[in-house]
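Engineer: Okay, handing you the structure first.
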């Protein structure tokens, strides 16, 4: 390929506005123009830019942002028991994880449309700035409520780091080269997701959990440099006379709102049910009913109201897209359940430190990265994804079934190959299910399918984390109430067991410590069984996916 003569200059404004399907939320994004002829011309001009130094500088800067966005979703996995103990709120600490994922899921589908209306540079700068502020606030948090708020702010920015990176990469990369660049972006995203847990444990045990969030600050220099010096609002037309409110009205704000309501009400119900309220409490039942109602309204809004819906019903209702979406939902629910229950097993039950617990995550890190890369290689060279999805779903189900048998007598070295299989299978499923979604639709619908894939993926993770933690807390409470009946200090012991899990060995009287640890053992087992159910549902979903020719 020839080198662009102006390769060291930043991207310049284009006279033609690219019609990007703006709901994109992940590494693979397909930009398309209004006609095949203009698309070919666009691809040829972009191909020349791929040898330009600034193009690679831009992409690396953007992918660093993708890495951070993904890292922040998982870095709390090994440190949340310690944070919960410090604030004496272990029974509520899961909100630290789910608040980030919820705001992330709600805003990421809107960022593409924002970048089309207000410019790539402006929107990306907003996302980086909000993520920067959220990270600072997380590190400075003095209460659980403040930390949850800060994580929500960080999630708003994190969704933009992922989405705008996808959109800009799509602008720069030709159709011919897009598969290769998707693999690079997936590697950054996957690395952030799987490195978060071991890195969080190491930082927590050495310099403190707050530095898990302060760590983002220096790394953000890469995305900040790209956003201020290497990217312009090149996609905006000079003759665009739309007002600010006209641009805002193009957003599917109502759709995003009802997605948030649907997931939030489930999260709140699972946080309260079996915890501070009984599952039969009218308020908890009302929350579940409100979630169902919000979901119904969301479908109505997407089908009849939204001009640019974040989830077009006529597309997602097709068999393969719907089956692929649910494969994503259940797979990520399973993966995130394991991500947040495994630290309980290693730290609370086996009494390993956060950093030691993080080391046991390393095989999962390697497995996830290799799985993602293998899926890309397999699909690119064989053009086949259905059998690969089914085989990897069987592998994930086998792995979580083995994990569900673990107890205090399990050889810790045996956990490593099992978690590696779990990570490898999940890495394959995440990559291959995205390809299965976009392979069966027209080119102009590909980015919309990518958006739907990531929307199901993120909401599945939120629901998985919320329900698994509700199961854990509920089982611990019920078992201790039964087994400590008649004990004078029963209420205090139960309070310590549920709110200060990392300190039970020093705070719980020796006569009752084994009882508390036994309740943890049973509760973790039930949480892992929930993960098995999600893996089984993911496998069932893959059976309905059809093989399509890759175009």
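The values are calculated or read from the model by the stated rules, or taken from the named source; none is laboratory data. Every value quoted in this text rests on a predicted model; they were computed, and no experiment measured them. Reconstructed Cβ throughout: ideal geometry from the backbone, glycine too, with neighbour counts over all protein chains shown.
Engineer: Over 20 Å from the mean Cα position of the chain (by Cα), at pLDDT below 80 and in a helix (DSSP H, G or I): does that describe residue 227?
Structural biologist: So residue 227 fits the description; yes.
Engineer: Which one of 121, 108 is assigned to a helix (DSSP H, G or I), in contact (Cβ under 8 Å) with a residue 60 or more places away in the chain, over 20 Å from the mean Cα position of the chain (by Cα) and farther than 30 Å from residue 494 by Cα?
Structural biologist: After ruling out the rest, the residue left standing is 121.
Matching residues to (1) in a helix (DSSP H, G or I); (2) at pLDDT 50 or above:
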{"position": "6", "(1), (2)": "no, no"}
{"position": "58", "(1), (2)": "yes, yes"}
{"position": "70", "(1), (2)": "yes, yes"}
{"position": "91", "(1), (2)": "no, yes"}
{"position": "112", "(1), (2)": "yes, yes"}
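Engineer: Go through segment 476-501 and report how many residues are surrounded by fewer than 21 Cβ atoms within 10 Å (Cβ to Cβ) and either touching a strand residue (DSSP E or B) at 6+ places or on another chain (Cβ under 9 Å) or under 30 Å from residue 155 (Cα atoms) (or both).
Structural biologist: 1
Engineer: Which numbered condition trips up residue 409, out of (1) in contact with a helix residue (DSSP H, G or I) (Cβ under 9 Å, 6 or more places away or on another chain); (2) over 30 Å from residue 451 (Cα atoms)?
Structural biologist: (1)
Engineer: Here is a follow-up. For segment 187-218, how many residues are assigned to a helix (DSSP H, G or I) and over 24 Å from residue 364 (Cα atoms)?
Structural biologist: So the count comes out to 3.
Engineer: Looking at 322, 359, which is the one that is at pLDDT below 85 and surrounded by fewer than 19 Cβ atoms within 10 Å (Cβ to Cβ)?
Structural biologist: It is 359.
Engineer: Just to be sure before I move on: is residue 426 out of contact with any strand residue (DSSP E or B) (no Cβ under 8 Å at 6 or more places or on another chain), within 21 Å of residue 330 (Cα to Cα) and at pLDDT below 95 in the structure I sent?
Structural biologist: Considered against the rule, which asks whether it is out of contact with any strand residue (DSSP E or B) (no Cβ under 8 Å at 6 or more places or on another chain), within 21 Å of residue 330 (Cα to Cα) and at pLDDT below 95, residue 426 comes out as yes.
Engineer: Among the numbered criteria (1) within 17 Å of the chain's Cα centre (by Cα); (2) at pLDDT below 80, which single criterion is violated by residue 159?
Structural biologist: (2)
Engineer: From the list 377, 345, pick out the single residue that is part of a helix (DSSP H, G or I), out of contact with any strand residue (DSSP E or B) (no Cβ under 7 Å at 6 or more places or on another chain) and either surrounded by fewer than 23 Cβ atoms within 10 Å (Cβ to Cβ) or not assigned by TED's automatic domain parsing to the domain that holds residue 408 (or both).
Structural biologist: 377
Engineer: For the structure I just gave you, tell me whether residue 287 is touching a strand residue (DSSP E or B) at 6+ places or on another chain (Cβ under 9 Å) and closer than 28 Å to residue 93 by Cα.
Structural biologist: yes
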